[in-house]
Amino acid sequence: MAHILLRHRDIPDINKLEVYRKNGGFEAFKQVVTSMKPEAVTEVVKASGLRGRGGAGFPTGLKWAFMDNKNWPHYVVANADESEPGTFKDREIMENNPFQFLEGVAISAYAVGAHAAYVYLRGEFWQVAAFLDERIEDMEKAGLLGGKLFGTDYELKIYTHLGAGAYICGEETALLESMEGKRGQPRLRPPFPPSFGLYGKPTVVNNVETFTNIPMIFSKGADWYKALGTADSAGVKVFSLSGRVKKPGNYELPFGTTFRQLVYEHGGGIINDRPVKAIMAAGASSSIIKVDDKALDTPMDYASVRTLGADLGSASVIVIDDTVSIEWVISKTVEFFKHESCGKCTPCREGNYWMMHVIERMEAGEDVEANTELLLSVAKQMQNKCLCALGEFATMAVVSGIERFPDDFTTSSIGGGHA
């Protein structure tokens, strides 16, 4: 099947404006601006079944429909922070198929009545930001951005904005705080961004991959898109595959593809042909799935993955084989979240510190059984008490790892078997 998002793999030089336009580029944007009411654009996106690809999986059209039309101006923000360990799909899209992404941003802006849109990139993506600035300039020169677009009164400008490299700014309200020049910390919600977003105005925040789907939905129709994937999860997904596989990388596949197909057909199987022990389906933020035949044959869609006691999230699939200790895995995830916690709320700030402290005791061989129980207790006390999802994410691997892999948390197992 031809790629829908990673079209650069089928069409050489699609990151050049003339090539993108020769392949139907910006026809969808022209269509919506010249022949559709903004609310009709939102209804098409609703009908397509597109869900946000940043992790939460919230219906995209529904989010757009929540915009407060009594409060103006409106803004659109593309979340290109992409800081989740194991996730590397958005960067490939922006570097290789940038115009489809930017066209999706433009269509979204028209749908919600925004005249300014922003691409928020993690600080390490400064080269990607410079590249996108050049593509935006190409669009302006071609009359695809600016005023009087396609002979109408609609006008739009797109800007890039670099963060300072903080993981927390992948959370949409912390991202907005950062854009406003404030410390990147989450806001208390509600209100949500569609009613109180950037500069206190209604704002749509979507992920890069989400926006990149939009032009194809309008080019080929909502019914075409909804027919891909599953009833619960329409369309295609870019799965970022990493860990102990022979061929890590980004794989664009329909929702409903099984873990077995991803790992063995596309990923080439496991290094040294070892058995799969566990999978983290959503990067470091994941519960750890204990792998058996049932798990491997589970379709990768939002509803099916939940039957395994996990979430699909951004589909950053990290594969763990039997050479890797789960205790080592959770020590790395906790170390990451402790470093990235913004410190605004006490459960996350103190909980991550103490989880790391307890893990260090365990790895030093200090009363491993008692400290494992303490670690599990701290993690469970953090759950449902944090201001944003980061604190919750920090507990996922800890709780699931200890409960599902108890043999990896004994005096004899800790300190060995690490990849």
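Rule-based calculations on the coordinates, nothing more; no lab input. The structure presented is a predicted model; accordingly, all values stated were derived computationally and were not measured. Cβ placement follows ideal geometry from the backbone for every residue including glycine, while neighbour counts extend to all protein chains displayed.
Sorting the segments 166-174, 364-372, 29-37, 47-55 by their residues' average number of neighbouring beta-carbon atoms within 10 angstrom, most packed first, yields 166-174, 47-55, 29-37, 364-372. For the pairs Lys246/Lys277; Lys237/Lys338; Lys148/Lys237; Lys246/Lys294, note any where the Cα-Cα span goes beyond 24 Å. Table pairs above 24 Å Cα-Cα are Lys237/Lys338; Lys148/Lys237.
Protection proxy ranking of 228-236, 277-285, by the mean of other Cβ atoms within 10 Å over each peptide's residues and highest first, is 277-285, 228-236. Of all DSSP bridge pairs formed entirely within the chain, close to 45 percent run antiparallel.
If you wrap the tightest convex hull around every Cα atom of the stretch 1-141 and split its volume per residue, you get 135 Å³.
So which residue, out of Lys246, Lys290, Lys22, gets the largest mean-square fluctuation from a GNM of the chain using Cα contacts under 10 Å as springs? It is Lys22. Once the chain from Lys141 to Arg274 is taken as fully extended at 0.36 nm per residue, the excess over their C-alpha distance is 42.5 nm.
For the residue pairs Lys16/Lys70; Lys89/Lys157; Lys182/Lys247; Lys22/Lys247, the C-alpha atoms sit more than 29 angstrom apart in Lys16/Lys70; Lys182/Lys247; Lys22/Lys247. Net charge in the neighbourhood of Glu27 (other residues with Cβ under 13 Å of its Cβ; Lys, Arg +1, Asp, Glu -1) is +3.
Note down the nm distance, to one decimal, between modelled labels 7 Å out along Cα→Cβ at Gln381 and at Glu95. In this crude label model, Gln381 to Glu95 measures out at 4.4 nm. Volume per residue for the stretch 326-408 equals 73 cubic angstrom (convex hull of Cα atoms). The stretch 92-171 and the stretch 191-218 have their alpha-carbon centroids 12 Å apart. Between the listed residues Ile402, Gln381, Gly365, the Cα displaced farthest toward the positive end of the dipole of the stretch 271-419, a dipole computed from Cβ unit charges relative to the Cα centre, is found at Gln381. Spatially, the stretch 345-419 and the stretch 33-60 are offset by 39 Å when compared through their Cα centroids.
Of the residues Ile158, Ile214, Ile271, the one that moves most in a GNM of the chain with alpha-carbon contacts below 10 Å is Ile271. Once the Kirkwood radius over Cα pairs is known for the chain, the Stokes-Einstein relation at 20 °C and 1.002 mPa s delivers a diffusion coefficient of 97 µm²/s. First select every other residue whose beta carbon is under 14 angstrom from the beta carbon of Glu360; then total the charges, Lys and Arg +1, Asp and Glu -1. My count for the surroundings of Glu360 gives -2. Multiplying the residue separation of Ser412 and Glu373 by 0.36 nm and subtracting their alpha-carbon distance yields 12.4 nm. Here the extension length gained between Thr34 and Asp133 equals 33.1 nm, from 0.36 nm per residue of separation less the Cα-Cα distance.
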